[in-house]
Structure formats: C-alpha cells, structure tokens
Amino acid sequence: MSNKRRLEKQKERDIELFDDILSGKVKLACYIGKPQKRPLPNKIASEGTDEQQQMLGQLARVYRIIFPGLIWKLSEVNDPRSLRNQDHSLLVLLLHVILMFAFHVESRRAANEVLAGMGAIGILQAVFPEMKTMPHADTVANMLENINAEEIQDAYTKMLKEYINSPGFRDKYADGPLLVVVDGSQSFVRDYRWDKHALCRHVGEQKKEQFYTSYLNAVLVLKNGAVLPVYTEVIENDGEVDGDKKQDCETAAFYRMAGKLHRIFGSGGLTLVADGLYAGGPVISICNKYHWGYMLSLKDGDMSSVWDDAEGLMKAELSNLLEVQWGERVQSIRWANGIEYTYGNNHTRR
C-alpha cells in the first residue's frame, strides 16, 4: 500500500472514530490522581509508570482526532518570543499547556514531574510529530506571559465555526437550533489584590475584602449529551473601580459575549440556556435581536407577570405535559406558549 493511500485510510479511521466519540458509541475515561504535594526537583524527569504512559497515549490520540483543525489554527498564532534561542515551536508549547490542563497540573515544577516524568516524549511524537523534545515548564510560562490570549481564543473559535458549519453536523448532533449554555465560574481567590483588574467582594461578619477572578463560559450541548466549549469571556474590572462605580459582572460579560456568539452561530442559529440571572428584558431583547430561542429558569419572584401568565395557561392546557425517566426519578415537565412580555419598546410573545 502506498504511503498516500495509507494516510487516506488513517484519515478515514480518524473521522469514523471522531463520530463514534461524539455519538457516544466510544467512551474514553482518563483520570490521574491529584499529585501529592512534596518537594520537587526543578528539572525535567525521565521516568513514568506504564499506567501513566498508556493514559497519556490515549489522551493524545483523542486530542489529535477531535481537534485536527485546532492544531493548524494554533500554528497561525503569533509567536511573542525572539527568533533566537528557540528550542521548541510555539505549537509544541501550546500543546504542553493543553496537556497540563488535562492532567490538572497545579504548578510549573509539578508539570516537569508529571508530564515529562512520564517518559512520554516517544508517545507524544507518535501522535504529534511537531514535539521533538519535552519543553521545560519555565519556558512555557515565559511564553504565556507575553502571548496574546485573544489569538488563541480566535484560533479555537475559527476551528469550531468551521466544524459546526460542516455538512451534516446539525443533522447528526442537533434536533433544531443548537443549544448553547452560558454560566459563570470562579477561580483564584486571594485576600490581597494581586492585580488591578481583580474583582472584589466583602465576606463574613466583618466584611473582609476578598479578591477573585471570574469567567463567563459558553458551551455547546449536543443532542447526545456531549459538550463542546464555545467561548470564554473574562469578567474583570478596568483597574479603577472606586466609589459608586460598578464592578464588571456576569450579565455585563454576556452583553459583550452575545455579539461573538452571533458571529459564530449567526441569526436564528442557537437557543440560549441560562439560569435566572439572565431572566430579564435586556437578555430577551438580545435574543429577539438575533432571532435566538431561549430557555431561562426563573426563581420565585422573578418576572412575576410572566409567572402568572404561565401558571394560568398551564392550568388551561393540560396536554402540555411530558414525563421523563431520569435514573430512578420521574420528572414532570409542564410548559406554556403564547406568554406576552414587554420590555421598553420590545414586545415578545412566546
């Protein structure tokens, strides 16, 4: 068999396996225990267990299959480093970061121990020929301090947009508009302001200042339950939040994110799923502007006029009932259509 034909057959197998992974026919469970905190040498180790090597090999193959387009998109990101003294390409350093995230590595020294310590360079080279040697975590950190993170986000967004617009994607993975879930997450809490952009809150009885970072994440939920990340919007202050000036917040981040989601999915291309924080006129107006559907959960007291109409209609339309078996539980879902809601000059009937 010629080399060209062999590569074509490999590509066909990769595509078939990729579809099996998203459809749920193939499932891969990769887990590594949280490393024990102990003094670590500041060097790249060279040994690893068979279990670690097998796990890394499986994960690397899945990444190569699921994100073939991302590899090439990442190669287009501008390298912030000097052209001199480059032992590793930018793509190799970014692959190293992805593996650090996948294995829940918490520090640079742990990265040298966990990743390089697996003796994994031979395995990685088989899947990622770009990786000639394992980079040191300090080299990776220096690159991340200067790289434009927006370019990395844009590279992933381009890959995702091409994929969801590929022939047959919606027929295979969606029953109608794509479901996009947005929700906030928090990380990196400190008792001191390490950066002028950090968010601030007051906790406890003494209202002690606490500083933290927060993000708004949008993920795509496919009809088989698989989840793909779409976009991350950083929630951060502009460095001058004093007095009556408001901090950045989750809803403000969504207003910024909405235009980016529209560029990815287009008008009428998605149904927004969110919690009660987004149940209000501004978010509904954005959805109407882009012709998006929306499913917003309401807490007690939220949008009381909408609740009153919904409860009245559900009593009159008893056929709008669906019972779903979820494990050992049976969930009863009721809904109502034709609810009117007015916000400013916008009138909505759903």
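The values are calculated or read from the model by the stated rules, or taken from the named source; none is laboratory data. Keep in mind that this is a model prediction, so the values were computed, not measured. As a convention, Cβ positions derive from the backbone with ideal geometry for all residues, glycine included, and neighbour counts pool all protein chains shown.
Of the strands (runs of 3 or more DSSP E) contained entirely in region 162-248, those carrying at least 2 residues that are in contact with an Asp or Glu (Cβ under 8 Å, 6 or more places away or on another chain) and closer than 27 Å to residue 295 by Cα fall at 178-190, 208-221. Annotation: residue 237 fulfils all but one of (1) touching a residue at least 24 places away in the same chain (Cβ under 8 Å); (2) in contact with a strand residue (DSSP E or B) (Cβ under 6 Å, 6 or more places away or on another chain); the unmet one is (2). The sole residue among 300, 309 that is farther than 20 Å from residue 175 by Cβ and either modelled with pLDDT of 90 or more or touching a strand residue (DSSP E or B) at 6+ places or on another chain (Cβ under 9 Å) (or both) is 309. No other residue among 219, 230, 203 is modelled with pLDDT under 90 and in the same structural domain as residue 275 (by TED's automatic domain parsing) apart from 203. Among residues of region 250-274 that are in contact (Cβ under 8 Å) with a residue 12 or more places away in the chain and under 15 Å from residue 217 (Cα atoms), those with a Cβ under 6 angstrom from a residue that is outside any strand (DSSP E or B) and among the aliphatic types (A, V, I, L, M), sequence gap 6+ or separate chain, pair up as 258/286.
Contact map, region 207-223: first residue among the basic types (Lys, Arg), second residue surrounded by 17 or more Cβ atoms within 10 Å (Cβ to Cβ), Cβ cut-off under 9 Å, separation 6 or more or different chains; pairs are 223/173; 223/174; 223/179.
Total residues in region 313-342 satisfying the condition of being without any contact (Cβ under 8 Å) to a residue 24 or more places away in the chain and either outside any loop (DSSP other than H, G, I, E, B) or surrounded by fewer than 11 Cβ atoms within 10 Å (Cβ to Cβ) (or both): the figure is 20.
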